[in-house]
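Engineer: Dumping the structure here so I can ask a few things about it.
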Amino acid sequence: MRPERKARFEEVLANRQGSLVLLLENVKDPHNVAAILRSADSVGVQDIYLLDTDNREIELAGRRAARSAEIWTSIHSYNNLPDCVAAIRNRGYKIWGTHLGSGAHSLYEMDLTGRIALAFGNERYGLSNELLDHCEDNFMIPQKGMIRSLNVSVACAVTLYEAYRQRQAAGMYDGGGGLDVAHKKELYARWTERYNSQSEKGSID
């Protein structure tokens, strides 16, 4: 592996945000999932929890667009809501859900610098009531148009870049985002193995 690639790995790992993860509940469109993975990677989010209570495994589409994000992020798949919530809780995250209810706060009023799991729901129905019951808080993206909902991948990108803005201002990049040394070493080894494997196939960016 070239020295430039090793340096890139180290730079990216220094900016990974161990204190921010995503939870996607029954997000079915593989193009949406692929887009979300790319947005997550772009702001340094490593862990994405995919909760599919319909027991239908998601096969990501658009491989050319999504393949790198699949390699560099960590996907945790669950088909049981209590198990998924427990896994997130055991890592010390509070769950904040996107929901248009009367008690929802504006995204821009939320402090996104804590240890948070941001939950996004199904394209048609949003978050289930069961998952909302597990959320400590919920928020909405302010809108001024007639249509009061955004595509889930767009909503996720808007939210992640607001988190990026807040975390950048708080000095949480370049090693300040809560990814411990052991985890960085683990990811470095995994990325190196995957990179070498994909490079041999000629199928990596």
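The values are calculated or read from the model by the stated rules, or taken from the named source; none is laboratory data. Note that the coordinates shown come from a computational prediction; the quantities given were computed from them, not determined experimentally. Reconstructed Cβ throughout: ideal geometry from the backbone, glycine too, with neighbour counts over all protein chains shown. Quick note on the areas: whole protein, heavy atoms, side chains included, nothing else; ligands and nucleic acids left out. Shrake-Rupley method; radii C 1.70, N 1.55, O 1.52, S 1.80 Å.
Engineer: Looking only at region 122-143, decide whether some residue is within 18 Å of residue 48 (Cα to Cα), out of contact with any strand residue (DSSP E or B) (no Cβ under 9 Å at 6 or more places or on another chain) and either at pLDDT 90 or above or not polar (S, T, N, Q) (or both).
Structural biologist: Scanning region 122-143, I find at least one residue that is within 18 Å of residue 48 (Cα to Cα), out of contact with any strand residue (DSSP E or B) (no Cβ under 9 Å at 6 or more places or on another chain) and either at pLDDT 90 or above or not polar (S, T, N, Q) (or both), so the answer is yes.
Engineer: Shifting gears a bit: Out of region 159-175, which residues are in contact with a helix residue (DSSP H, G or I) (Cβ under 8 Å, 6 or more places away or on another chain) and surrounded by 15 or more Cβ atoms within 10 Å (Cβ to Cβ)?
Structural biologist: 159, 160, 162, 173
Engineer: Do we have residue 45 as open to solvent by less than 10 Å² (accessible area, probe 1.4 Å) and at pLDDT below 95 here? Quick ask: steps written out before the conclusion?
Structural biologist: On the way: open to solvent by less than 10 Å² (accessible area, probe 1.4 Å): yes; at pLDDT below 95: no.
No: the conditions fail for residue 45.
Engineer: State the number of residues belonging to region 68-86 that are surrounded by 15 or more Cβ atoms within 10 Å (Cβ to Cβ) and part of a helix (DSSP H, G or I).
Structural biologist: Total meeting the criteria: 8.
Engineer: Which one of these is open to solvent by 10 Å² or more (accessible area, probe 1.4 Å) and not in a loop (DSSP other than H, G, I, E, B): 33, 12?
Structural biologist: Numbers: 33 fails: open to solvent by 10 Å² or more (accessible area, probe 1.4 Å).
Of 33, 12, the one residue that is open to solvent by 10 Å² or more (accessible area, probe 1.4 Å) and not in a loop (DSSP other than H, G, I, E, B) is 12.
Engineer: Shifting gears a bit: With respect to the numbered conditions (1) in contact with a helix residue (DSSP H, G or I) (Cβ under 6 Å, 6 or more places away or on another chain); (2) loosely packed, with under 13 Cβ neighbours inside 10 Å, which one is the sole condition not fulfilled by residue 117?
Structural biologist: Only one criterion in (1) in contact with a helix residue (DSSP H, G or I) (Cβ under 6 Å, 6 or more places away or on another chain); (2) loosely packed, with under 13 Cβ neighbours inside 10 Å is unmet by residue 117, namely (2).
Engineer: Follow-up question, since we're still on this one. Output the qualifying pairs, or none if there are none: Cβ atoms under 7 angstrom, residues six or more apart or on different chains, first residue in region 119-136 and on the phi < 0 side of the Ramachandran plot, second residue open to solvent by 100 Å² or more (accessible area, probe 1.4 Å).
Structural biologist: Matching pairs, first to second residue: 136/94.
Engineer: Then there is this: Quick check, is residue 150 over 18 Å from residue 103 (Cα atoms) and surrounded by 14 or more Cβ atoms within 10 Å (Cβ to Cβ)? Lay out the reasoning, then the answer.
Structural biologist: On the way: over 18 Å from residue 103 (Cα atoms): yes; surrounded by 14 or more Cβ atoms within 10 Å (Cβ to Cβ): yes.
Taking the combined requirement at face value, the residue satisfies it.
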